[in-house]
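The values are calculated or read from the model by the stated rules, or taken from the named source; none is laboratory data. This is a predicted model, so every value here is computed, not measured. Cβ sites come from the backbone with ideal geometry, for glycine too, and all protein chains shown count toward neighbours. What goes into the accessible areas is simple: the full protein's heavy atoms, side chains included, and nothing from ligands, DNA or RNA. Shrake-Rupley method; radii C 1.70, N 1.55, O 1.52, S 1.80 Å.
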Amino acid sequence: MQTELGSGVDFYVNKAIGSAMESPGVEAIGAELVEVRWHGRGGQGAVTGAKILARAATKEGLWIQAFSEFGPERRGAPVLAFNRIGANEIRTYAPVEEPDVVVVIDPALLERAVLRGLKAEGWLVVNTPFSPRQVARNVSFSGTVATLDAAAVSREASLPPLANIPMLGALAAATGLIQRSALEEAVFETFRASLGEETARKNVRAVNLAWSQVRIGHYLDPGSTEEENECALPSWQELEPGGTLYQPGSARDYLTGMWRSSYPLFKREECNDCLRCWVFCPDTSIMTNEGKVTGIDLQYCKGCGVCAAVCPRDALKMVPEN
Amino acid sequence: MGRSLNLKELTRETPPLGPGHRLCAGCTASAIVRLVLMAADRPVVVVNATGCLEVATTVYPYTAWNMPWMHNAFENAAATVSGIEAAYRVRMRRGELREPLYFVAFGGDGGTYDIGLQSLSGALERGHRFVYVCYDNEAYMNTGIQRSSSTPLGSWTTTTPVGSVTVGKSTRRKDLTAIISAHRIPYVAQCAISHHMDLMRKARKAFDATGPAFLNILSPCVPGWRIEPSDTVRVSQMAVDTCFWPLFECEEGKLRVTVQPKEKKPVQEYFQIQGRYRHLLRPEHEALVAKMQQEVDQDWQRLKEGRIL
Ligand code: SF4
Ligand code: SF4
């Protein structure tokens, strides 16, 4: 999952099986080439989702790519995966910049930034119990929004709460990119090989449940989506020699709080100011004043639970977000 | 000498390594760095070998470091820090610099036990005045959990799988602390994150040493050791309580155990709280565990008698 140099591609395919003639999916979405970007976190199966989508597309004679990109972030950090699916041979090997479809498999990642580059006539497919309208309004997106409560689907299919397979179903059903039978086959083959037939069948069931439960809406006017969130990195000519950075501690601008799924609840009255939590917190998120603990800095706290584990009193307790 | 190691007072200072870095939730490397650097009573120049700590704390255009910091490559953190230290000494002599400084290099076990060992050995032998800190998580975690020469016997990694043919790593780890002490440098110590005051006192002595100093610090790793993020400090504590990772120092050639567990626990208690060792609890591996216990007991006995090898 991790790469040495900061980012990388770990999987790449560019092939078609059968002829490129019959391409119902790509036609359905009205383009020669469809580009998909998946947003998940390490361990949630975004990359697996992209691979299975590619596998399904080959069954329809389409040309495909599936690859992922990740920074040096670690487990729990946001991860991107990509697909290109086309009627003809795909000659672009660059990362997807202007996707037709964005899939968000972790609801906590839903914010305007996921719309970066998404075409105005594109699709936003989100794992959330909320309605498409609520999502469209929330991120002000004026294209088509599809939502699915993937956790509910997994529960119903007696699967662990992994959202990638239900979201594959939602993606295919909403966009018409891939036919249901091709997706079922691809899901079945993938899981039979790794986890056996019973698990494979449950995953196919999850696809079917997702197919029937996905909700779709088109919204014309929640405002423009352009401008914002442009990547602000300097070009190579503007870099300092050696990549020198002059602002100490500038990572402060990068808020790791969104990695969290639970947070420490601090009870001042129980605390004896031993400072063990302050010593061990990996993210300097225990706030103090005059040597006394005052609270948690939720901008950076990753929710690891170390502070609660080392506290000798009952002053810190982990509780789920929301 | 110099500053007190009073935690209450240290909370008032800017942390040497600030938030916004992208180490795993629960990772102990950042707290290790902070504890070491907080023990310094002079400005510090930091050099960092390639590894998790380096990539995750300096994602362009950000840095989490609040002090001068330099990355060069995987194999040459010690060479880089010796160059900086030599230049500093020359400029002090010429009167171009006045302020006393400390120099520290951080490397993981990959960058220290394996790839950077020859440049480290050279820098120690040349006698540069610097502190080298190995944050030892016992495998190449940055590239996806491949074994290093620090990986203990029987430990699972992606390149030492557990199955019917192999039972994790088939060889013992390299005793790097002993190898470093064979350079006869003034200060060598083994530390663990769970014993933070012991760690800071040792860092303090390392900074005060009259020549090169070396700290080998156990750094539990969430994905690599297959443990829960909240468990990292507890696992470190158990490594010390079982004497699997004994805490000692070697000052001017004199060895001293610094933390004596109240009650020395069997190694099984350390294995059972980590996914990378869980297979060892199966009955068919009893003999292997007995062998590992014996090795731990022998090492511990030797250390108590004041011998490093
Ligand atoms: S949960 Fe982890 S990151 Fe958050 S305050 Fe506690 S120790 Fe720090
Ligand atoms: S570890 Fe617990 S008692 Fe100690 S300072 Fe932190 S919250 Fe207070």
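Data table
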quantity: FRET efficiency, 1/(1 + (r/R0)^6) with R0 30 Å, evaluated for B:Arg42 and A:Lys292 via beta carbons; calculated: 0.60
quantity: Packing rank of B:220-231, B:168-179, where each peptide gets the mean count of other beta carbons within 10 Å, highest leading; calculated: B:220-231, B:168-179
quantity: Under the Karplus curve 6.51 cos²θ - 1.76 cosθ + 1.60, θ = phi - 60°, whole-Hz ³J(HN,Hα) for the stretch A:138-155, x wherever Gly or Pro sits; calculated: 4, 9, 6, 10, 10, x, 9, 10, 10, 10, 8, 8, 5, 5, 5, 5, 4, 4
quantity: Per-residue ³J(HN,Hα) for the stretch A:270-282, Karplus 6.51 cos²θ - 1.76 cosθ + 1.60, θ = phi - 60°, Hz, x for Gly and Pro; calculated: 8, 7, 10, 6, 6, 6, 4, 4, 5, 5, 9, 4, x
quantity: Extension gain from A:Ala113 to A:Asn138, taking 0.36 nm per residue of separation minus the Cα-Cα distance; calculated: 7.8 nm
quantity: Where a label projected 7 Å from the Cα of B:His183 along Cα→Cβ would reach, residues of the stretch B:214-230 with amide N under 16 Å; calculated: B:214-217
quantity: Buried area at the B-A interface (accessible, heavy atoms, 1.4 Å probe, summed, Å²); calculated: 3900
quantity: The stretch A:92-128 and the stretch B:255-309: distance between their alpha carbon centers, rounded to Å; calculated: 50
quantity: Protection proxy ranking, peptides B:258-268, A:203-213, A:255-265, B:23-33, average beta carbon neighbours within 10 Å, highest first; calculated: B:23-33, A:203-213, A:255-265, B:258-268
quantity: Test item: B:226-233 mean partner chain Cβ contacts at 10 Å; calculated: 5
quantity: Under-5 Å amide H pairs with A:Val126, H placed in peptide plane, nonlocal only; calculated: A:Val104, A:Ala146, A:Thr147, A:Leu148
quantity: Partner chain coverage, peptide B:47-58 - average Cβ within 10 angstrom; calculated: 3
quantity: Furthest towards positive pole of dipole, B:Pro100, B:Ala87, B:Gly111, structure part the stretch B:1-121, Cβ charges; calculated: B:Pro100
quantity: Cα centroid of the stretch B:179-244 to Cα centroid of the stretch B:72-145, whole Å; calculated: 17
quantity: Surface/4 of the Cα convex hull for the stretch B:1-105, nm²; calculated: 7.8
quantity: Antiparallel DSSP beta bridges within the protein assembly as shown, percent to nearest 5; calculated: 50
quantity: Paramagnetic reach from B:Lys8 in the stretch A:283-322 [backbone N under 13 Å; point 7 Å along Cα→Cβ]; calculated: A:289-293
quantity: Ranked order, B:Asp136, B:Asp114 - accessible area, probe 1.4 Å, largest first; calculated: B:Asp114, B:Asp136
quantity: The stretch A:254-322: GluC sites (Glu not before Pro) in DSSP coil with no more than 12 other Cβ atoms inside 10 Å; calculated: A:Glu290, A:Glu321
quantity: Among the listed pairs A:Lys267/A:Lys292; A:Lys292/B:Lys8; B:Lys205/B:Lys262; B:Lys169/B:Lys291; B:Lys174/B:Lys202, those beyond 19 Å (Cα-Cα); calculated: B:Lys205/B:Lys262; B:Lys174/B:Lys202
quantity: Inter-label distance for A:Leu265 and A:Gln237, nm, one decimal - labels placed 7 Å from Cα along Cα-to-Cβ; calculated: 5.7
quantity: Inter-label distance for B:Glu251 and A:Ala31, nm, one decimal - labels placed 7 Å from Cα along Cα-to-Cβ; calculated: 6.8
quantity: Residue-wise HN-Hα coupling along the stretch B:135-143, computed from phi with Karplus coefficients 6.51, -1.76, 1.60 (Hz; x: Gly, Pro); calculated: 8, 9, 9, 6, 4, 7, 6, 4, 9
quantity: For residues of B:62-70, the mean tally of beta carbons on other chains within 10 Å; calculated: 5
quantity: Farthest positive-ward along chain B dipole, Cα basis, beta-carbon charges - from B:Thr232, B:Val46, B:Leu23; calculated: B:Val46
quantity: Long-range amide H partners of B:Leu97 with built H, under 5 Å; calculated: B:Met92
quantity: Charge dipole of the protein assembly as shown about the Cα centre (unit charges at C-beta), most positive-ward option of B:Cys134, B:Leu7, A:Ala200; calculated: B:Leu7
quantity: Net charge dipole size for the protein assembly as shown [Lys, Arg +1 and Asp, Glu -1 on Cβ; Debye, nearest 20]; calculated: 1920
quantity: Simple Cβ-charge dipole of the stretch B:7-304, Lys/Arg +1 and Asp/Glu -1, about Cα centre, in debye nearest 20; calculated: 380
quantity: Highest average packing first - B:146-154, B:188-196, B:94-102, B:38-46, Cβ atoms within 10 Å; calculated: B:188-196, B:146-154, B:38-46, B:94-102
quantity: Sparse-neighbourhood loop sites, chymotrypsin sites (Phe, Trp or Tyr not before Pro) in the stretch B:229-297 - DSSP loop, at most 11 other Cβ within 10 angstrom; calculated: none
quantity: Amide H partners (placed H, <5 Å) of B:Phe248, local residues excluded; calculated: B:Gln190, B:Thr258
